[in-house]
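Structure first, commentary second.
The values are calculated or read from the model by the stated rules, or taken from the named source; none is laboratory data. Just so it is clear, the model here is predicted, and its values are computed rather than measured. We place every Cβ from the backbone using ideal geometry, glycine too, and count neighbours over all the protein chains shown.
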């Protein structure tokens, strides 16, 4: 709702006539009528007095939306953001776990080949392992960056 609609709505909720509200604000009834018609707007000081007389905040008085709707929308946005952050944290944990598993498998293969079979680790195996770990670290970096932006 626009300012003029809000003034009328809150005045009627308080069961005040235009004249009664005008008397409380030390303005004419015609001034209140112009505010409610939208042909004029109260100045800032008068708007503050108006909000006090109508027992509403300035936000409620001048807002185009219902303040409760804004609070609900903010709550929904906040909960979605928290959900996204938890999802990214879980993804980051999975990536780090994957890096640890790849490292442990590579270490186990290296020990097996070196100690048990008295062989060297093939170069292609080392390169593949490093590529896998590098990609995982890159994914972890991207996820960390998104988490910092939240």
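Structure above, values below:
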{"read-out": "Tally of residues being surrounded by 12 or more Cβ atoms within 10 Å (Cβ to Cβ) and more than 26 Å from the chain's Cα centre (by Cα) across region 136-150", "value": "2"}
{"read-out": "Residue match in region 120-128 (condition: loosely packed, with under 10 Cβ neighbours inside 10 Å, modelled with pLDDT under 90 and out of contact with any strand residue (DSSP E or B) (no Cβ under 9 Å at 6 or more places or on another chain))", "value": "yes"}
{"read-out": "Residue match in region 62-75 (condition: surrounded by 14 or more Cβ atoms within 10 Å (Cβ to Cβ), in contact with a helix residue (DSSP H, G or I) (Cβ under 6 Å, 6 or more places away or on another chain) and within 30 Å of residue 18 (Cβ to Cβ))", "value": "yes"}
